[in-house]
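Structure record follows, encoded as structure tokens.
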Amino acid sequence: LGRCSGGDFLLERMTSAFLACVPFPGDQDILLESYVEGWAQLLKFLNALGTLFGFISDEVVSKMEILQQHRGRDDGDGSHQEYVSLKSMVHHELSREMVDFKGTSRDGLPSGCRTLLRLHRALLWLHLFLDKLGRSSEHESSSTLCGEAYSLTLAHHHGWLVRNTASLAFLALPSRGRLFELFCPGDTGQAVRELQGAVAAIKQVTDITEKVYEQHRMLDLP
Ligand code: 1Q0
């Protein structure tokens, strides 16, 4: 056994998608198709949390659509090699001067680089939140853990309006117990193990992304 009936719904698919992002760890590169798939799985989870989280889903969808538009672009020979992986995207967009480093270009499709950076920052939050959740004890509150993780990560990149709205949404999060039920009905121990698996898969992806962006001095792209 060793797996949950509910795991198939949530964590397991997300974990396998993020694991599939890095088929060759030595390459230190991310497959974008799997990255988008990981986000599609997260989106399912967000949607299951209810309409109060709709503004967050909308934002994720709009970022995913930008990436998909880039990925779907036909460059004449019918293939889209440029957007197969993170490194190929970065090299392609830098060599074509598609990345706006100053925040001056207001029109046109935003670059894949600045768009993925937004999702990357959100994954840094998710990693910390799920890690905290996995280590938490029974009496701790999911809203508090979520808020703490947020203040340490994503909040740095948000203005006060988004920060306030986000903190209201956190209050509507299901309790720690209910989240674990969602991950793995009836088996808290297994829920925790699945969480740890998810945390490790996400960490591998965020570590690589962070390095690539740092190498190209793109961690602050406007
Ligand atoms: C469960 C609660 C999650 C809350 C995470 C904090 C999210 C607050 C973010 C609200 C974003 C909406 C407003 C728009 C912000 C943008 O300005 C900002 C920057 O983009 P730009 O183009 O203006 O420069 N966008 C972002 O920062 C992207 C933020 C994406 C947030 C993605 C949150 C993903 C949540 C995933 C699922 C949570 C599930 C929890 C348990 C999961 C177990 C599998």
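The values are calculated or read from the model by the stated rules, or taken from the named source; none is laboratory data. If you're wondering where the values come from, they're calculated on a predicted model, not measured in any experiment. Here the Cβ is made from the backbone with ideal geometry for all residues, glycine too, and neighbour counts use every protein chain on show. When the accessible area is computed, the model is the full protein with side chains, heavy atoms only, and any ligands, DNA or RNA have been set aside. Shrake-Rupley method; radii C 1.70, N 1.55, O 1.52, S 1.80 Å.
Kindly indicate which of T144, T153 is more than 30 Å from F101 (Cα to Cα), more than 8 Å from the ligand (Cβ to nearest atom) and among the β-branched types (V, I, T).
On the way: T153 fails: more than 30 Å from F101 (Cα to Cα).
One residue alone meets the criteria, T144.
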Taking the stated definitions as given, is T209 open to solvent by 10 Å² or more (accessible area, probe 1.4 Å), of a type in the set (S, T, Y) and more than 11 Å from the ligand (Cβ to nearest atom)? no
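Take the residues of segment 212-222 that are more than 17 Å from L154 (Cα to Cα) and in contact (Cβ under 8 Å) with a residue 12 or more places away in the chain: which is surrounded by the most Cβ atoms within 10 Å (Cβ to Cβ)? First the steps, then the outcome.
Of the residues in segment 212-222, the ones more than 17 Å from L154 (Cα to Cα) are 212, 214-217.
Checking the rest, the ones that are also in contact (Cβ under 8 Å) with a residue 12 or more places away in the chain come to 212, 216.
Values: V212: 22, H216: 16.
Among residues in segment 212-222 that are more than 17 Å from L154 (Cα to Cα) and in contact (Cβ under 8 Å) with a residue 12 or more places away in the chain, the one surrounded by the most Cβ atoms within 10 Å (Cβ to Cβ) is V212.
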Among what's in segment 84-111 and is open to solvent by 50 Å² or more (accessible area, probe 1.4 Å) and not in a loop (DSSP other than H, G, I, E, B), pick the residue that is farthest from T206 (Cα to Cα). S95
G159, sole failed condition from (1) within 19 Å of the chain's Cα centre (by Cα); (2) modelled with pLDDT of 95 or more; (3) open to solvent by less than 50 Å² (accessible area, probe 1.4 Å); (4) within 11 Å of the ligand (Cβ to nearest atom): (1)
Every residue from segment 5-25 that is more than 14 Å from the ligand (Cβ to nearest atom), modelled with pLDDT under 95 and part of a helix (DSSP H, G or I): P25
Residues of segment 33-75 being among the aromatic types (F, W, Y) and within 12 Å of the ligand (Cβ to nearest atom), which ones? W39, F45, F53, F55
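Considering only residues of segment 124-141 that are near the ligand (Cβ under 8 Å from one of its atoms) and within 15 Å of the chain's Cα centre (by Cα), which is most open to solvent (accessible area, probe 1.4 Å)? Steps first, answer last, please.
Just the residues of segment 124-141 that are near the ligand (Cβ under 8 Å from one of its atoms), to begin with: 125-126, 129-130, 133.
With the extra rule that they be within 15 Å of the chain's Cα centre (by Cα), the set shrinks to 125-126, 129-130.
Details: W125: 52, L126: 17, F129: 14, L130: 12 Å².
That would be W125.
Enumerate the helices (runs of 4 or more DSSP H) found wholly within segment 119-222, keeping only those where 3 or more residues are out of contact with any helix residue (DSSP H, G or I) (no Cβ under 9 Å at 6 or more places or on another chain). It would help to see each step written out before you state the result.
Values: elements: 142-152, 160-171, 176-183, 188-215.
Passing ranges, in order: 160-171, 188-215.
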Exactly one condition in (1) touching a residue at least 40 places away in the same chain (Cβ under 8 Å); (2) part of a helix (DSSP H, G or I) is false for V36; which is it? (1)
Give the number of residues within segment 165-206 that are loosely packed, with under 15 Cβ neighbours inside 10 Å and within 12 Å of the ligand (Cβ to nearest atom). 5
Going by what's in this entry, would K102 be described as over 25 Å from D29 (Cα atoms), out of contact with any Asp or Glu (no Cβ under 8 Å at 6 or more places or on another chain) and touching a residue at least 40 places away in the same chain (Cβ under 8 Å)? yes
